Amino acid sequence: MDMNYTPEEQAFRDDVRAWLAAELPNPLAAKVKGGKRLHREDYLTWHALLRSRGWLAQHWPVEQGGAGWTPIEKHLFEEECVAAGAPRVIPFGLNMLGPVLIAFGSDTHKAHYLPRILSDEDWWAQGYSEPGAGSDLASLRTSAVRDGDHYIVNGQKTWTTLGHFANKLFCLCRTDPNAAKPQEGISFLLIDMDSPGVEVRPIITLDGEHEVNEVWLTDVRVPADNLVGEENKGWTYAKYLLTYERTGIAGVGYSKNALGHLKRVAAAQSHNGAPLSQDPLFAARMAKLEIDLLAMEMFNLRVVAAAGEGKAPGPESSLLKIKGTQVRQETTHLLRRALGPYAMPFLPEQFDEGWNGEPVGPDDAGPIATQYFNMRKVSIYGGSNEIQRNIVSKHMLGL
Amino acid sequence: MDFTLSEERRMLLETTDRYIRDRYPIETRQANVQREEGFNRDTWKELADLGLVGALLPPEAGGFGGAGEDLAVVFEALARGAVVEPFLASGVLGAWPLARAGGHTSVLEQVIAGEALIAFAHGEPQGRYGPSYVAATAASNGEGGWSWTINGRKTVVLNGDTADWLIVSARVSGHTDEEEGLSLFLVPAGMAERRGYDSVEGGRAAEVILSDVRLPAENLLGESGAAYPLIEETLARGALALSAEALGLMEVCKDMTLEYLKTRKQFGRPLGAFQALQHRMVDMALEIEQARSSVMLAAGRLEGERIERERTVSAAKHLAGRVGRLVAEEAIQLHGGVAMTWEYALAHFAKRLVMIDHLLGDEDHHLQRFMAFSRMQEASS
Ligand SMILES: Cc1cc2nc3c(=O)[nH]c(=O)nc-3n(C[C@H](O)[C@H](O)[C@H](O)COP(=O)(O)OP(=O)(O)OC[C@H]3O[C@@H](n4cnc5c(N)ncnc54)[C@H](O)[C@@H]3O)c2cc1C
């Protein structure tokens, strides 16, 4: 056993850190660190920087223009990026559709779509969930009916993250309503969101933000060539996509960074004339969180190392998803708690870049309570934590 | 022991329930939140006309209630509508010091009638939840015929932006965190500089700056330098009211979740058919019963001896925070994505429930108070 990174891994980390210090624009990092609203252009700026270094497609093989990293390298990269205040990479094209096309797409699809994902010519959205099909995704009802060399698509997708920025939608549709099992009648279609009959309606979340959408599909004509793989085999591809990339699932980098933020906030808040970080109850809460995070980081690295040896991810990725989201939620909970009465003031205008009004309470108090509420989503999406438990218990009990 | 409500309180409850059901659907609540003042003056007047502010005050102060049970009944019932009108600010925290100090009867009458608003300007920037943390000063200088000059800054003053009057705590002697040396003043709100803002879950608050605010002798409430017991009593009433409100919000969250589990189907079955979720519902219900019991106990002890009052109020507010968070988070989780939307009412109840822990002391603050008062109780027995 060796609890240290190898010299090569350490050198990789240093390289990433130096690159970030030189290239990541300060105003962008400040926006991310200050919890400001990010716009489409901010993500595109970040993507362009990564592209220029060849680091945009972190999960693709080098032949396809990917970074070709080991799982440990991906992990180190994520950690450095979060610490530097880089925005996240928009995953839908790069981390979700890309790997599916590489594995199951035709040569034409690969030649056409992969470069457009890499160049950000296309912004993809994920059209899986429907109002009636959440955890039970296989019950989806959006239909695709063959009509000559087209499919006619009708139905409604929902929770489409950043669908209002997207020009393309990868979409699960039912092509065989009479299949023996619901999973067997589903196809994976690529839809141009500029097509007639596609309508995107905003969903405002409980924190007052616009991040998700409904996508209504009415008699949308989709060229039959836009079918990925085989008709009625879409479920296999969809599942591949969901389980493909699990290294980032624990969000270790995110939580480490957030813990640092929490410590700063707690040190700046006063409680009975001393910093809150010295209050025994609050200090204990922070310490418990830190212990969980410390252990989870090791757990994550164990899984990452196993993946590096080519072992398929087992139920560990479900366990990591559960613990990772619990830790993330606990961090935002403690941040909110640390602020005391200053968690209440709500000045949404201060999430805009360039706002220079006077905050109420500590400078960075503004977005903390809303982030706590927003963070409730991580235990719901990406396969809810209950569904993850179902997966693990089936495995453990041999059901 | 008798756990049934008196006839008057049962009627109070029914009246409030009926009003919320018929006149205060979530759409009305949300529209009221959107108003510039953060609530609706007409609604406030209607609720006051039903006697809901009077119920919070004793007959000596022109009300017809004022006991712990009255507060608990009214606040739990109002929570079913997530009512944003200023019951806590004006009806409890603002009115109680006036009611106890005596005098100023016309102000109290207007408050009870829903025609004037009082806010409690007590918390300060470095004070967090400390009940005696007051750096604001009151000097008795008699300058130009005035008796008092007040200076200081008050923070997150609930409904402070629209109040007509402020109850301001200020120090005449002692160091910043001391219980001795505090006074309370009735200040016409226009004499303070105020900056109002929304609060995360709906509602309004303000930063209040007092610069050389000069007041006549009659605006001192009670005895100078000896206001701490009254401040503590006021905070206890507020904490009980909030605990009862939290209880009402928990019940709404639980009911909505239960209803959703019965109707939402996944995997060909209602969600309620999954045992993993059934047990979570049961845990929620169990913890809510605990919270309810602690509110009843604190309500019954509110007018009793100090140590027992503080201990039981802190127990209730601690559970309001601990169980409140559990219920809010579980209700959202068990609903899934739909609870993440602004449009679905649950989000607003859950948000208020969580944010109650940021008012008048959180779960940890009250845990520490409970421990401190328990030690005092042991020492004195
Ligand atoms: C902010 C956000 C962004 C999202 N982005 C996207 C996106 O871009 N694209 C997309 O396609 N989808 C997206 N989703 C949808 C997400 O995948 C679904 O919300 C998720 O699958 C859960 O489905 P549901 O919300 O319908 O809840 P439901 O499936 O109705 O579940 C409700 C509750 O029941 C539990 N439950 C369900 N079945 C079982 C069971 N068998 N046993 C025990 N418990 C069970 C769930 O865990 C949950 O607690 C997003 C969701 C959110 C909140």
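The values are calculated or read from the model by the stated rules, or taken from the named source; none is laboratory data. This structure is a prediction, so every number in the text was calculated from the model and none was measured. Quick reminder, even Gly has a Cβ in these numbers, built from the backbone with ideal geometry, and neighbours come from all protein chains shown. Heads up: the accessible areas ignore ligands, DNA and RNA and are worked out on the full protein's heavy atoms, side chains in. Shrake-Rupley method; radii C 1.70, N 1.55, O 1.52, S 1.80 Å.
Quick notes on this structure:
- Test result for residue B:223, of a type in the set (D, E, K, R), outside any strand (DSSP E or B) and more than 16 Å from the ligand (Cβ to nearest atom): yes
- Assessment of the stretch B:321-330 against the conditions (at pLDDT 95 or above, open to solvent by 10 Å² or more (accessible area, probe 1.4 Å), within 11 Å of chain A (Cβ to nearest Cβ) and closer than 19 Å to residue B:365 by Cβ) yields at least one matching residue.
- Any hit, the stretch A:111-118, residues being in a loop (DSSP other than H, G, I, E, B) and either aliphatic (A, V, I, L, M) or without any contact (Cβ under 8 Å) to a residue 60 or more places away in the chain (or both): no
- Residue in the stretch B:143-160 that is at pLDDT below 95, within 14 Å of chain A (Cβ to nearest Cβ) and either touching a His at 6+ places or on another chain (Cβ under 8 Å) or more than 30 Å from residue B:16 (Cβ to Cβ) (or both) present: no
- Just one of (1) open to solvent by less than 50 Å² (accessible area, probe 1.4 Å); (2) away from every other protein chain (no Cβ under 11 Å); (3) within 16 Å of the ligand (Cβ to nearest atom); (4) more than 16 Å from residue B:357 (Cβ to Cβ) fails for residue A:332. It is (4).
- Residues of the stretch A:378-399 that are within 9 Å of the ligand (Cβ to nearest atom) and without any contact (Cβ under 8 Å) to a residue 12 or more places away in the chain: A:380, A:390.
- Yes/no for residue B:207 being part of a loop (DSSP other than H, G, I, E, B) and either touching a residue at least 12 places away in the same chain (Cβ under 8 Å) or surrounded by 23 or more Cβ atoms within 10 Å (Cβ to Cβ) (or both): no
- Qualifying residues in the stretch A:119-133 (those that are within 13 Å of the ligand (Cβ to nearest atom) and assigned to a loop (DSSP other than H, G, I, E, B)) - the one most open to solvent (accessible area, probe 1.4 Å): A:131
- Residues of the stretch A:134-174 that are near the ligand (Cβ under 7 Å from one of its atoms) and either among the acidic types (Asp, Glu) or over 18 Å from the mean Cα position of the chain (by Cα) (or both): A:136, A:137, A:157.
- Selection from the stretch B:162-174 of residues that are among the charged types (D, E, K, R) and either open to solvent by 30 Å² or more (accessible area, probe 1.4 Å) or at pLDDT below 95 (or both): B:164
- Selection within the stretch B:331-374: residues that are of a type in the set (Phe, Trp, Tyr) and within 9 Å of chain A (Cβ to nearest Cβ). The member of this set that is most open to solvent (accessible area, probe 1.4 Å) is B:342.
- Taken over the stretch A:359-381, the criterion of being modelled with pLDDT under 90 and more than 8 Å from chain B (Cβ to nearest Cβ) is satisfied by A:359, A:362, A:363, A:364, A:365, A:366, A:367.
- Listed by position, the helices (runs of 4 or more DSSP H) enclosed by the stretch A:1-107 that each have at least 1 residues that are open to solvent by 10 Å² or more (accessible area, probe 1.4 Å) and within 22 Å of residue A:255 (Cα to Cα) are A:7-23, A:26-33, A:40-53, A:71-84.
- Scanning the stretch B:188-200 for residues that are surrounded by 23 or more Cβ atoms within 10 Å (Cβ to Cβ) and within 8 Å of chain A (Cβ to nearest Cβ) turns up B:199, B:200.
- Pairs linking a residue in the stretch A:260-271 that is away from chain B (no Cβ under 14 Å) to a residue that is modelled with pLDDT under 95 and surrounded by fewer than 18 Cβ atoms within 10 Å (Cβ to Cβ), with Cβ atoms under 8 Å and 6 or more positions apart or on different chains, are A:261/A:364.
- Test: residue in the stretch A:324-343 that is part of a strand (DSSP E or B) and either hydroxyl-bearing (Ser, Thr, Tyr) or touching an Asp or Glu at 6+ places or on another chain (Cβ under 7 Å) (or both): no
- Selection status of residue A:205, more than 14 Å from chain B (Cβ to nearest Cβ) and β-branched (Val, Ile, Thr): no
- Some residue of the stretch B:247-255 being open to solvent by 10 Å² or more (accessible area, probe 1.4 Å), at pLDDT 95 or above and closer than 22 Å to residue B:4 by Cα: yes
- When each of A:290, A:297, A:353 is tested for being more than 13 Å from chain B (Cβ to nearest Cβ), in contact (Cβ under 8 Å) with a residue 24 or more places away in the chain, surrounded by fewer than 23 Cβ atoms within 10 Å (Cβ to Cβ) and not in a helix (DSSP H, G or I), the lone residue that passes is A:353.
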